[in-house]
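Structure, as structure tokens:
The values are calculated or read from the model by the stated rules, or taken from the named source; none is laboratory data. Keep in mind that this is a model prediction, so the values were computed, not measured. Cβ: placed from backbone, ideal geometry, glycine included. Neighbour counts: every protein chain shown. Please note that ligands, DNA and RNA were not included when accessible areas were found on the heavy atoms of the full protein model with its side chains. Shrake-Rupley method; radii C 1.70, N 1.55, O 1.52, S 1.80 Å.
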Amino acid sequence: MQLAQLPVALILAVAKASPASSFVGSATSDAYPPASTSADPKLFPPEPVVGFPGITQTGVEPAAIATAKSYPYNSGPANAFPLVSSEPHGEDETSTFDIKKYWGNLSPWYSLSSADYGLPGASPRLPDGCEIVQVHLLYRHGARYPTDGAAPATFAQKLHNATKVGFSPRDDLEFLSTWTYKLGAELLTPFGRSQNFLLGVAYRQLYGELLNNFTEQGTIPVFRTQSQDRMVKTAENFAAGFFGVPEYLNQVNIEILVETPGVNNSGAPYEVCPNSNVNSRGGIGSTASTAFARNAFNATLARLNSMVTGLEFTPTDAIAMLQLCSYETHALGYSAFCNLFTQQDYLNYEYYYDLSFYYNNGPGSPVSAAQGKGYLQEFVGRFTHSFPNAASALNQTFDNSSTYFPLNQSIYADATHEVVVLDTLMAFNLTALFKGPPLALAENRKQNNFVASKIVPFATHFTTQVLECSAYSPTKQIRFLVNDAVIPIADSYDGCDDDADGLCSFDNVVSVLQKRIDEIDYNYDCFENYTASAGNDYNGRAPRS
């Protein structure tokens, strides 16, 4: 066809299109520090060698969880500083829609409201007349690069392959004509490091007074993590925030448990639970979310495909580009992909993750409670000052030793992955987090209060407070918090009455959790041959015929 025969609009569109450069989609990276040098303590001696430290008088340990008039909720700009994110497509800078809260497990954590789970008057601050005795923290690593071989890298390769036959982006996609893939794999980003560091600062500020128990005992804490690089750095950054730099190097023991197939580890139970990796069992959430995405982004895909020639974007590409928005923002501070998607796209992106986590690791999963059983056993072991039995993925070589599994700490802090935090919440049977019917597979009917970005974001954390409360009988009480929201347990824990502050008798809760341990059949759920399907609430347990 002669160019003059084409419609005027199409002629203009073709004229404005820019052929993509041949390097588009190729992986690029930087390397620091240079291999030829490193810090030299002889030329630049550390503080102990230089001397002259000035006055170093310590003060009283902080206890803001009890002394402050209000709680320092993570709900302002600091929860994502210094990231910059765009407004949804079609909206300007006056938009109040925060896209970062709709990225599922790729969202930065922020404080949740206890009111959302049925306790409008509850606060993480200690109730009047209560003193903190012990705190248990289970937390996720901060923001990271994508896992190896994930969708963003596959999308980059698709673009790179398209340059061999020629493709031309224009308008909002013009940036793709020179775009390269700048993300690494699995390491923490600078922002991710800051999340764990600041979490350590926060917990020292809130619970620092509990360190006096270690001083009285003449011991230092044991904090735990997994052997993956991002997990080790997570624990180190948390410890650096909690104890300071370089003090954390000799004020806490960081226990690193090996994470690899075939090795028991409560922080990586999927490595020894074969059914977690079977599509018809532990993977039903991934199947459900993929099916949902097939029709969730049709309007946006039509718009994006009108801006490119020589290439067609698919629903899989839509998820990949949304993930690039999330990952590039975390890693590079900003992403041009973010402004390509509408507010409805982000709502659908969130629901894509809701389906995945609800059915892979939540109440709709047949293996989630079994995978969380290890941490449940360890928590109860610490509560009762007894070593747990090997009836799950926990590693008894370490959990049967007071050196590696101390039973008398006033502060515990274990780092793990988001799927394991969710598995653990299922093992604890905290049903208030998943109140409502099973998630609908074709659309978000907003009948269930489970939202992935609230429960499994980067640096999510599950906190258990053990308290002495003079106004209660018995005085020893316990309660659970998820990202600063107090979670009610009366509906799922026999013997616990409704309480405005989410409290229940310590002994009663321990009894309920011991029964839950006995109820979860780890061997059946992880090893037996059965079929599960999305659309059901299994309470995290495998179905029985």
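Data table
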item: Residues located in region 272-310, provided they are more than 20 Å from Cys338 (Cα to Cα) and outside any helix (DSSP H, G or I); result: Val272, Cys273, Val278, Asn279, Ser280, Arg281, Gly282, Gly283, Thr309, Gly310
item: Filter result (small (Gly, Ala, Ser) and within 12 Å of Ala532 (Cα to Cα)) within region 267-287; result: Ser276, Ser280, Gly282, Gly283, Gly285
item: Region 383-399, residues that are touching a Leu at 6+ places or on another chain (Cβ under 6 Å) and in a helix (DSSP H, G or I); result: none
item: Complete set of residues in region 161-177 that are hydrophobic (A, V, I, L, M, F, W, C), touching a Gly at 6+ places or on another chain (Cβ under 8 Å) and under 9 Å from Val308 (Cα atoms); result: Phe167
item: Only listed residue being in contact with a Cys (Cβ under 6 Å, 6 or more places away or on another chain) and either closer than 19 Å to Gly184 by Cα or open to solvent by 30 Å² or more (accessible area, probe 1.4 Å) (or both), chosen from Gly129, Gly166, Gly121; result: Gly129
item: Strands (runs of 3 or more DSSP E) enclosed by region 433-545 - at least 2 residues per element that are at pLDDT 95 or above, surrounded by 15 or more Cβ atoms within 10 Å (Cβ to Cβ) and polar (S, T, N, Q); result: 461-469
item: Within region 468-485, tally of residues that are free of Cβ contacts under 8 Å to residues at least 12 places away in the same chain and either within 21 Å of the chain's Cα centre (by Cα) or over 13 Å from Glu131 (Cβ atoms) (or both); result: 1
item: All helices (runs of 4 or more DSSP H) inside region 111-223 with 2 or more residues being under 21 Å from the mean Cα position of the chain (by Cα), modelled with pLDDT of 95 or more and closer than 16 Å to Ser326 by Cα; result: 151-162, 190-207
item: Options Ser107, Ser123, Ser21, Ser38: the member that is of a type in the set (Ser, Thr, Tyr), touching a residue at least 60 places away in the same chain (Cβ under 8 Å) and farther than 24 Å from Thr463 by Cα; result: Ser21
item: Region 188-234, residues that are open to solvent by 10 Å² or more (accessible area, probe 1.4 Å), of a type in the set (Ser, Thr, Tyr) and more than 21 Å from Leu407 (Cα to Cα); result: Ser194, Ser227
item: Cβ pairs under 6 Å, 6+ apart, first in region 217-241 and within 22 Å of Ser194 (Cβ to Cβ), second in a loop (DSSP other than H, G, I, E, B) and open to solvent by 30 Å² or more (accessible area, probe 1.4 Å); result: Arg230/Glu186; Arg230/Leu187
item: Residue, farthest from Val419 (Cα to Cα), within region 142-181, restricted to residues that are of a type outside the set (Phe, Trp, Tyr) and in contact with an Asp or Glu (Cβ under 8 Å, 6 or more places away or on another chain); result: Lys158
item: Given (1) assigned to a helix (DSSP H, G or I); (2) more than 21 Å from the chain's Cα centre (by Cα); (3) under 26 Å from Ala459 (Cα atoms), index of the condition Tyr359 fails; result: (2)
item: Every residue from region 70-86 that is under 18 Å from Ala485 (Cβ atoms), touching a Ser or Thr at 6+ places or on another chain (Cβ under 6 Å) and buried (at least 17 other Cβ atoms within 10 Å of the Cβ); result: Asn74
item: Selection count where residues are β-branched (Val, Ile, Thr) and open to solvent by 10 Å² or more (accessible area, probe 1.4 Å), scope region 335-372; result: 1
item: Boolean, Ser335 is in contact with a helix residue (DSSP H, G or I) (Cβ under 9 Å, 6 or more places away or on another chain), among the hydroxyl-bearing types (Ser, Thr, Tyr) and farther than 19 Å from Ala427 by Cβ; result: yes
item: Residue in region 235-245 that is assigned to a helix (DSSP H, G or I), over 30 Å from Tyr73 (Cα atoms) and either modelled with pLDDT of 95 or more or open to solvent by 40 Å² or more (accessible area, probe 1.4 Å) (or both) present; result: no
item: Sole residue being more than 24 Å from Arg193 (Cα to Cα) and among the hydrophobic types (A, V, I, L, M, F, W, C), chosen from Ala369, Ala336; result: Ala369
item: Selected residue (only one of Thr219, Thr189 is over 30 Å from Ala156 (Cα atoms) and among the hydroxyl-bearing types (Ser, Thr, Tyr)); result: Thr219
item: Test for Thr329: is it surrounded by 19 or more Cβ atoms within 10 Å (Cβ to Cβ), β-branched (Val, Ile, Thr) and not in a loop (DSSP other than H, G, I, E, B); result: yes
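Residue-wise test of (1) out of contact with any strand residue (DSSP E or B) (no Cβ under 6 Å at 6 or more places or on another chain); (2) modelled with pLDDT of 95 or more; (3) of a type in the set (Asp, Glu); (4) open to solvent by 30 Å² or more (accessible area, probe 1.4 Å).
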position	(1), (2), (3), (4)
Gly374	yes, yes, no, no
Phe387	yes, yes, no, yes
Thr397	yes, no, no, yes
Ile411	no, yes, no, no
